[in-house]
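Reading through the structure tokens given below for one structure.
The values are calculated or read from the model by the stated rules, or taken from the named source; none is laboratory data. Since this is a predicted model, take the numbers as computed values, not measurements. No Cβ is skipped: glycine too gets one built from the backbone with ideal geometry, and neighbour counts run over all protein chains shown.
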Amino acid sequence: MSDTLYDITHDPEANVLYEKCADVDVFLWEALAASDPAEIHRRTGATFNDGTYQLPFLAQSLTVTPTKRRVTIFGDQPREPEFQLCLVCLLYLLKVDVHHLDAAQISPKEFKGGSTFFQGPHALPVARLVERFGRDRTGFLEAAGRLAGRPLPLGDAAVLLTPFPGVEVGVILWEGDEEFPPRVNLLVPQGLDRFWPLDAVWALLNVVTREILRAAV
């Protein structure tokens, strides 16, 4: 898995002002540092030791040290995450209660205000997946498998990915043919909007898309 497989210039969130963990609002770091680790563990299952939270991330793991404003990804090659992953990681620890997420998966556009929000600059990041996998079902399943994706009996190929414990993202691919163009649908847990604003949901889907593309060979 190489970062060069993903072109950050095509990310709709790419902005020189929002690239690194240190760019995340200091209020979120301070709020996490002041939070009760036992309460966060109850809501999310994340463990806490020596000032650092640990939690799974797809087929990898994350450590989050709020006092140092640092998130590190541990996988094949440890690396520093981008702004969006740091943002949704902090929002997950601060806000989400996995016990109150519905197992049902829905399109983010079904959330209140979603049909308006998820367009233009906040369009769901399906175009990048269609471009890479629209005629490569096998490559899609292989990339998702490297991220511990579980197959779903939907579309021409579909997987369920777990970016954070209790938060699952469905990715459904329809391959293109002579009659119909390829397309991809993204699904998230019903009820996620109880804990997050829509821009955080959008950021999560950008993160998942980025990791699928990184995992492609």
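Annotations
- When each of G176, G170 is tested for being in contact with a Leu (Cβ under 6 Å, 6 or more places away or on another chain) and small (G, A, S), the lone residue that passes is G170.
- Each residue in the stretch 119-139 was checked for being touching a residue at least 60 places away in the same chain (Cβ under 8 Å) and under 19 Å from R214 (Cα atoms), and 8 of them qualify.
- Subset tally (residues that are of a type in the set (F, W, Y) and under 14 Å from the mean Cα position of the chain (by Cα)) for the stretch 66-104: 2
- Count of residues meeting criterion [among the acidic types (D, E) and under 20 Å from G75 (Cβ atoms)] in the stretch 172-217: 1
- Search result, residues across the stretch 92-124 that are surrounded by fewer than 21 Cβ atoms within 10 Å (Cβ to Cβ) and closer than 22 Å to D36 by Cα: L94, K95, D97, V98, H99, H100, L101
- Cβ pairs under 6 Å, 6+ apart, first in the stretch 28-41 and touching a residue at least 24 places away in the same chain (Cβ under 8 Å), second among the hydroxyl-bearing types (S, T, Y) and assigned to a helix (DSSP H, G or I): A33/T67
- Of the residues making up the stretch 164-217, those that are under 22 Å from V64 (Cβ atoms) and charged (D, E, K, R) are E168, D199, R210, E211, R214.
Listed here are the residues, each with its yes/no results for (1) on the phi > 0 side of the Ramachandran plot; (2) over 12 Å from the mean Cα position of the chain (by Cα); (3) in a strand (DSSP E or B).
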| residue | (1), (2), (3) |
| --- | --- |
| A144 | no, yes, no |
| G155 | yes, yes, no |
| V159 | no, yes, yes |
| A200 | no, no, no |
| N206 | no, no, no |
| I212 | no, no, no |
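- In the stretch 122-140, the condition of being over 18 Å from I172 (Cβ atoms), in the same structural domain as L186 (by TED's automatic domain parsing), part of a helix (DSSP H, G or I) and not aliphatic (A, V, I, L, M) is met by at least one residue.
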